[in-house]
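Peer 1: Can you read through this structure? Questions will come right after.
The values are calculated or read from the model by the stated rules, or taken from the named source; none is laboratory data. Fair warning: this is a prediction, and the values are worked out from it, not measured in the lab. Counting neighbours? That spans all protein chains shown, and the Cβs are built from the backbone with ideal geometry, glycine included. Just so you know, the surface numbers come from the protein's heavy atoms only, side chains and all, with ligands and any DNA or RNA stripped out. Shrake-Rupley method; radii C 1.70, N 1.55, O 1.52, S 1.80 Å.
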Amino acid sequence: MALISFDENKKRDVALIGRVTLDFNPNELNRTLDKVKTFSMYLGGSPGNMAVGINKLGKKVGFIGCVSDDQFGDFVLNYFNERGIDTSQMTRAKNGERMGLTFTEIKSPTESSILMYRDQVADLEIAPEDVDEQYIADSKILIVSGTALSKSPSREACLLAVQYAKKHNTRVIFDIDYRPYSWRSKKDIQIYYSLLASMADVIIGSRDEVNLTEGLDEEATEPADHVIAEKYIEHGAKIVIIKHGKKGSIAYTADKKAYKVESYHIKLLKSFGGGDAYGSAFVYGLLAGWTVPQALQHGTAHAAMVVASHSCSDAMQTVEQIDAFMQEHKDEKVITELDWEAAL
C-alpha cells in the first residue's frame with residue numbers, strides 16, 4: 001500500500017522550483033581540473049537534473065525558474081522544450097544575471113569535486129510574482145531545492161509556492177541540496193531549511209545537510225537519525241531520507257518503518273549526479289503507487305546507472321532501462337528493513 005496518495009485529477013505530475021545551471025564535465029578523465037583541456041556542456045543543477053529524470057520516466061513535468069537572457073538561457077529553454085518539459089513558468093533575468101556554471105573534476109572514479117560560479121546568478125531571481133497559484137494547484141507534487149532558499153527573491157518565491165501547495169493538496173518534497181556559496185550565515189540556513197522541512201511531505205538530505213537544518217555542527221552524530229526523523233514526522237512528513245555517503249542511507253516512514261538503502265555494485269565513472277537520479281526515480285515510484293522499498297530500489301538503481309555515465313541530465317534512464325538493470329543485478333540486496341533505532 002502506498003504511503004502517500006495523490007489527487008489523480010491534477011493534470012501535472014510534478015512542478016519543480018529552483019536551480020537550473022550548466023555543467024561542464026571534463027573530456028579528459030582521471031586528472032585534476034587544471035590539467036583538463038576540453039569539456040562537454042550539459043544542463044545541470046539538481047532540480048534541473050531531476051526535472052529531466054522524471055520526464056524521461058514518462059511523467060508530466062513543469063519547471064518554475066529563471067534563466068539568463070542570453071544564449072545559455074536559450075540552451076536551457078530549448079533543452080526542456082525539446083523533451084516536453086513545460087517552461088511556461090520560466091522567466092528571463094532582467095538585470096544581466098547569468099547562468100550558474102559548474103565545472104566538474106573527475107580525478108578518479110571515486111574522487112570527484114565541483115567548482116561552481118554562483119555570483120549574481122539568474123536562478124536566484126525567480127520572484128513571488130512569478131509563482132502562479134493555479135499552476136501549483138494543478139500539480140501533484142512540488143519539489144523545492146534548498147539552494148533556492150539562500151537569497152531573496154527566490155526564497156520568498158519558494159515559500160509562496162509551498163503555501164499554495166499546502167492550500168491545494170499538492171505534496172511537497174524538500175531536497176535540501178546544500179551549496180555553501182550563496183548563503184550569508186548558518187543561522188540563515190537553519191531558519192529557512194527548518195521552516196521548509198516543517199511543511200514538507202518528503203525530506204531528502206545528507207546527514208550534514210540535516211545537521212545544518214537543525215542548527216547543529218555539520219559533523220554532529222547526535223541526536224540520532226531516527227530522533228530527527230521523528231521530529232519531522234510529527235510535523236506531518238511521511239518520509240524522511242537521511243544519506244550517509246558510502247555507508248548508504250536510511251529512509252524513515254510515518255508508519256514507523258526504517259529501510260537501509262545501499263548501492264549496486266557497478267564500475268564508477270564519477271562520484272556525482274547519483275542523488276538527482278535517485279530522487280527522480282524515487283519520485284516516479286511514489287507517483288506509481290509503489291511501496292517505499294520498491295521506490296527506493298528503483299532510485300538506487302537509477303543512481304548507479306548515472307554515476308557510470310559521463311553526464312547527469314543526458315544520462316537519465318527510462319523505466320524499462322532501469323528495470324533491465326535491476327534484473328541484471330537481481331542477486332544484489334540493496335534494501336534492508338531495519339529496527340527503528342538502528343544506525344548505519
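Peer 1: Take the conditions open to solvent by less than 60 Å² (accessible area, probe 1.4 Å), more than 16 Å from VAL20 (Cβ to Cβ) and of a type in the set (S, T, N, Q) and apply them to SER145. Does it pass?
Peer 2: No: the conditions fail for SER145.
Peer 1: Could you figure out which of (1) open to solvent by less than 50 Å² (accessible area, probe 1.4 Å); (2) part of a helix (DSSP H, G or I) isn't true of ILE241?
Peer 2: ILE241 satisfies all of (1) open to solvent by less than 50 Å² (accessible area, probe 1.4 Å); (2) part of a helix (DSSP H, G or I) except (2).
Peer 1: Could you list, in sequence order, the residues of segment 255-307 that are within 27 Å of SER108 (Cβ to Cβ) and either polar (S, T, N, Q) or touching an Asp or Glu at 6+ places or on another chain (Cβ under 7 Å) (or both)?
Peer 2: SER263, TYR264, HIS265, SER271, GLY279, SER280, THR300 - these are the residues of segment 255-307 that are within 27 Å of SER108 (Cβ to Cβ) and either polar (S, T, N, Q) or touching an Asp or Glu at 6+ places or on another chain (Cβ under 7 Å) (or both).
Peer 1: Within the set of pairs 6+ apart or on separate chains, which have a first residue in segment 279-305 that is without any contact (Cβ under 8 Å) to a residue 24 or more places away in the chain, a second that is open to solvent by 30 Å² or more (accessible area, probe 1.4 Å) and in a helix (DSSP H, G or I), and C-beta atoms under 7 Å apart?
Peer 2: GLY285/GLN294
Peer 1: Test ASP217 against the criterion of being more than 29 Å from ALA288 (Cα to Cα) and either hydrophobic (A, V, I, L, M, F, W, C) or part of a helix (DSSP H, G or I) (or both), and give yes or no.
Peer 2: no
Peer 1: Among the residues of segment 186-210, which ones are surrounded by fewer than 21 Cβ atoms within 10 Å (Cβ to Cβ) and more than 18 Å from ARG155 (Cβ to Cβ)?
Peer 2: Correct list: SER206, ASP208.
Peer 1: Oh, and also: Out of ASN9, ASN81, ASN30, which single residue is free of Cβ contacts under 8 Å to residues at least 24 places away in the same chain, part of a loop (DSSP other than H, G, I, E, B) and surrounded by fewer than 22 Cβ atoms within 10 Å (Cβ to Cβ)?
Peer 2: Within the list ASN9, ASN81, ASN30, the selection yields ASN9.
Peer 1: Here is a further query. Could you please give the count of residues in segment 244-286 that are hydrophobic (A, V, I, L, M, F, W, C), open to solvent by 20 Å² or more (accessible area, probe 1.4 Å) and at pLDDT 95 or above?
Peer 2: Number satisfying all stated conditions: 1.
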